[in-house]
Structures are given as C-alpha cells and as structure tokens.
Amino acid sequence: MNTKAQELMSRHRSIRKYKDKAVPEDIIDSILESSTKASSSGNMQAYSIIVTKDVNVKRKLSPLHFNQSMVMEAPVFITFCADFHRMRRWVKLSHAPDNFDNFMSFMIASIDAILASQNAALAAESHGLGLCYLGTTLANCGKIAKVLNCPKNVVPVVGFSLGYPDEAPKERRRLPLKGIVHYDIYKEYSDEEILTIYKDKEISGWKRYNEVPELRKMVLDSGVKNLAQIYTKLKYSRESHIEYSRTIYNCLIDQNFL
Ligand SMILES: Cc1cc2nc3c(=O)[nH]c(=O)nc-3n(C[C@H](O)[C@H](O)[C@H](O)COP(=O)(O)O)c2cc1C
C-alpha cells in the first residue's frame, strides 16, 4: 500500500551521531534543488538557505545551539531563514510598493522556509543521509542571525545537522491518527480520550527517560512523576518559553518584521 516516498518517510529517524565523511557537493546541490521545489506562498520563495561547512563558522554556531554535539560532528549544518530581504530589494528596484515589513510577512516567510527544509530533509534521507533538526535555531535566532551575517528581514527559523549516520536509533512512536485527525470539524476530546491518546507515549517516553543514565539522573534529581511533568518541568519550562518568546520578539523587531 505504501509508495516509495512513504516508505522513506516511515524510515525517518533523527540522527545525532555522524560518520567522519564529507557529503559530496553534487549530492548537496541535488538536495537543495529538491528543497526549492516545495510550495511557497505566491511562489515568492521568501526564504534563504545557508549551508555551513566551515569549521570556524560552526564553532561560532555551536554554543548558540547549546553545544549539541551534532553541530560540530556533522559535516554540514543547514539553516533555513525566513527571508523578505531579497524580495523587498527587488520590489524597491521595480518601484513597487513595499508591504513586507510586518508580522504577516514573517509568518509567510517562515512557512516557506519550513516547507523547504522538510523537502531538503526528505531528499537528504533518500540519499542515505541523516539529519537532526535543532530547535535552538529559533530559540537563539537573533544571535544566529548575527553569526550568519543575515541582513534585515532575514530570520533563522529552522536548521538541521546533516551527514552520514553513525547510529541506527529506534523508531520514536507517534500519537495514533485518531488523536491527531479530525474529520470535517474539530471534535473536542473527553479526558478519557486524551489519556488513551497519550498512553503509549507515556509508557515508551517514561521508559526511555529511565533507561538512559544521564536522563534517569535528571528524573530522579527533579522528582518528576510522569512524562507530562518531564515535558513541562524539565524540557519546556514556563520560564524558558517566556524567555525564548522575548528573544524571538526582540529579533523580529531588530530584523524589521515588527
Ligand atoms: C523544530 C524541531 C526542533 C528540534 N530540536 C531538537 C534539538 O534541539 N535537539 C535534538 O536532539 N532533537 C531535536 N529535534 C528532533 C526531535 O527530538 C525528534 O524529531 C523527535 O523526538 C522525533 O524523533 P524522530 O525524528 O527520530 O522520529 C527537533 C525536531 C524539530 C522538528
């Protein structure tokens, strides 16, 4: 029943360990070509793709990605930026009105960038490469924009490390379709349905956190009692989310989107 593309998608795993092997230029080029085949709002392609291989630039990026090992270990790091800079320059040169320095434009450009990134991800996996998205791209977008020399109206939104996998991680299960899909209109869940939807995740997630020694220590030290508490007390605390919200807001002001 599954097509080849669907089989590829079902084999997806985030890869955090990489072989010390360069990715050939022609493969990177073909991944980038596929990336730009993604749909984009009005076909404006309001994004830029920054391919980083230079160790000196990666060294500067690494702390901004909280020193996650993938940045230095993978031969390539790709940052996808919401970008209305290029289009605004074209508009100006064409004596057309400039309407793209606002939040709506940032959202349009971010969606374009994210669709392009996922096309690149699938293309990369089809070449036997592995990747891992890094949420720190958005969390530290302002500082990353500076390292990458982004002009006004260019904001890094997603990025991933890329290289040949040196690990074969287990599949991370997904929520059941019935917990995600609604037909015709959104149907509110009962409490019982919510608990059923998250039941497998609770079991497998809790197990994973208790199997990996450093994660288990974190769980024991913090006294969290279930997976939801891991998410909200350890991984995504209110304080950190408010802080990152401020960072993003300030970056949008600095980059002329607000
Ligand atoms: C936007 C985004 C940000 C992510 N950020 C990180 C990250 O900072 N570090 C990391 O190790 N994994 C990160 N991931 C990978 C997720 O943890 C991973 O996709 C998820 O656990 C599902 O696992 P799988 O991709 O192997 O199926 C991120 C994924 C996305 C889509």
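Any read-out appearing in this document is the output of simple, stated calculations on the displayed coordinates, not a laboratory observation. These figures come from a predicted structure and were not determined experimentally. Backbone-built Cβ (ideal geometry, glycine too); neighbour counts: all protein chains shown.
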Problem - Once the Cα gyration tensor of the stretch 108-209 is diagonalised, semi-axes √(5λ) in Å - result: 32, 21, 15
Fill in the blank from the handout: Hull volume per residue for the stretch 1-134, using the convex hull of the C-alpha atoms, in Å³ is 141 Å³
Fill in the blank from the handout: At 4 °C and 1.567 mPa s, the Stokes-Einstein diffusion coefficient in µm²/s for the stretch 69-152, with hydrodynamic radius from the Kirkwood sum on alpha carbon pairs, is 88 µm²/s
Exercise for the section: Quote the FRET efficiency, to the nearest 0.05, computed for GLU167 versus HIS95 with a Förster distance R0 of 41 Å and r equal to the Cβ-Cβ distance. Expected result: 0.15
Practice task
Determine which lysines satisfy two conditions relative to LYS187: a Cα distance under 27 Å, and not lying fewer than 8 residues away in the same chain.
Solution key: LYS178, LYS199, LYS201
Problem - Listed residue (TYR198, MET1, GLY223) projecting farthest to the positive dipole end of the chain, Cβ model - result: GLY223
Handout entry: Semi-axis lengths, Å, the chain, gyration tensor of Cα atoms, sqrt of 5 times eigenvalues
Key = 32, 23, 21
Practice task
Take every DSSP beta bridge whose two residues both sit in the stretch 4-169, then give the antiparallel share in percent to the nearest 5.
Solution key: 95 percent
Fill in the blank from the handout: Expressed in nanometres to one decimal, the distance between label points 7 Å along Cα→Cβ at ASP184 and ILE242 is 4.3 nm
Fill in the blank from the handout: Shape descriptor, the stretch 177-241: equivalent ellipsoid semi-axes (Cα gyration tensor, sqrt 5λ, whole Å, largest first) stand at 28, 14, 9
Completion exercise
The answer for the net charge of residues other than LEU175 whose Cβ lies under 15 angstrom from its Cβ, with Lys and Arg +1 and Asp and Glu -1, is +2
Exercise for the section: Express in nm, to one decimal, how much length is gained between LYS37 and MET104 on full extension, taking 0.36 nm for each residue of separation and deducting their alpha carbon distance. Expected result: 21.9 nm
Exercise for the section: Kindly provide the trypsin sites (Lys or Arg not before Pro) of the stretch 191-258 that DSSP labels as loop, not H, G, I, E or B, and whose Cβ sees at most 15 other Cβ atoms within 10 Å. Expected result: LYS225
